[in-house]
Ligand SMILES: N[C@@H](CCC(=O)N[C@@H](CS)C(=O)NCC(=O)O)C(=O)O
């Protein structure tokens, strides 16, 4: 793993001339679309629907950045990447932004040449098992075979947790998502480990009989998932970071895709600044003053995106929990736009 990081960091230096120039915002404006790194297909976060249209919480984030920068949420290209490929794609300049259920870790934020722009989903690592296994706690997984995907933080977290709890296990580590899911469905492993959101998605969208499976109650880590950009490009980092704060801030202010037009008349100074009625925030980012209006109008606020893609009304049925606004007891804390 340490060797891999060195190779990745070195390739960043060799291939990252685009990054070193720190001109991603100009490049995106000239190109006319955002190159957004996403998963190869992971329902709820980023997956093509039956008409081939990409949908999900992370896809909404790609759309929001496109709306902010180019005024049109449709002006992005989803670049499917498996867990292993994602940071190389960011380092090489193939993508402008990685919006792909990626955990922020110290190593990724430093040695891999990437930097996170915020957290759009607070998660933790868990286990999915077939109910017939009769296991009710992760601690009963001693001697079990555990499926996981290459290049995820889940590999290391699993090893740490097993060591700390005196558990031995047989890792079944596979690079392609479809193959690891199929291996688990075929009974090649006793459990699948990844982020709890990933387990919810795999259970409902990939298992033939979702009711035959359950997610064990323990979460063995913190997995703060968020968008990443390349290091060395503060202007672009700011655009991506404040796109997230515009989405969460709109929710906090009660501005939705349905009421954003009437909100233009609001007397609330915070709403007026957010929507560009009082100018300044757009200019500060090198964007049109309508940047956040376009995000909310075309994509919606954070809560709308959460509910539509992963919330209780979606197949994944994930409660807001830690992903509620701070004012509702969660960790989502929009920074002030002023
Ligand atoms: N949050 C963890 C796990 C993220 C991850 O890559 N999970 C896998 C398993 S759910 C995934 O999304 N695979 C989809 C793919 O490779 O296309 C990380 O950042 O390493």
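The values are calculated or read from the model by the stated rules, or taken from the named source; none is laboratory data. For clarity, every value in this text was computed on a predicted model and none was experimentally measured. Every residue, glycine among them, receives a Cβ derived from its backbone with ideal geometry; neighbour counts consider all protein chains shown.
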Would you check which residues across region 93-116 are surrounded by fewer than 20 Cβ atoms within 10 Å (Cβ to Cβ), part of a loop (DSSP other than H, G, I, E, B) and in contact with a helix residue (DSSP H, G or I) (Cβ under 9 Å, 6 or more places away or on another chain) and list them? 93, 94, 105, 111
Filtered residues of region 207-230 (kept if buried (at least 20 other Cβ atoms within 10 Å of the Cβ) and over 18 Å from the mean Cα position of the chain (by Cα)): 213, 216, 220
Scanning region 269-283 for residues that are surrounded by 14 or more Cβ atoms within 10 Å (Cβ to Cβ) and at negative phi gives 270, 271, 272, 273, 274, 275, 277, 278, 281, 282
Per-region count, region 318-332, residues touching a residue at least 60 places away in the same chain (Cβ under 8 Å), under 16 Å from residue 200 (Cα atoms) and part of a loop (DSSP other than H, G, I, E, B): 1
Residue check, residue 112 modelled with pLDDT of 95 or more, over 16 Å from the mean Cα position of the chain (by Cα), within 12 Å of the ligand (Cβ to nearest atom) and under 20 Å from residue 240 (Cα atoms): yes
List the residue pairs whose Cβ atoms are under 7 Å apart, where the first residue sits in region 95-108 and is within 13 Å of residue 156 (Cα to Cα) and more than 12 Å from the ligand (Cβ to nearest atom), the second is in a strand (DSSP E or B) and at pLDDT 95 or above, and the two are 6 or more positions apart or on different chains. none
May I ask you to verify whether residue 223 is closer than 30 Å to residue 192 by Cα, in contact (Cβ under 8 Å) with a residue 24 or more places away in the chain and in contact with a strand residue (DSSP E or B) (Cβ under 7 Å, 6 or more places away or on another chain)? yes
Identify all residues within region 67-90 that are within 16 Å of the ligand (Cβ to nearest atom), closer than 19 Å to residue 233 by Cβ, touching a helix residue (DSSP H, G or I) at 6+ places or on another chain (Cβ under 9 Å) and not in a strand (DSSP E or B); write none if there are none. 87, 88, 90
If you go through region 245-259 one residue at a time, do you hit one that is surrounded by 17 or more Cβ atoms within 10 Å (Cβ to Cβ), free of Cβ contacts under 8 Å to residues at least 60 places away in the same chain and over 21 Å from the mean Cα position of the chain (by Cα)? yes
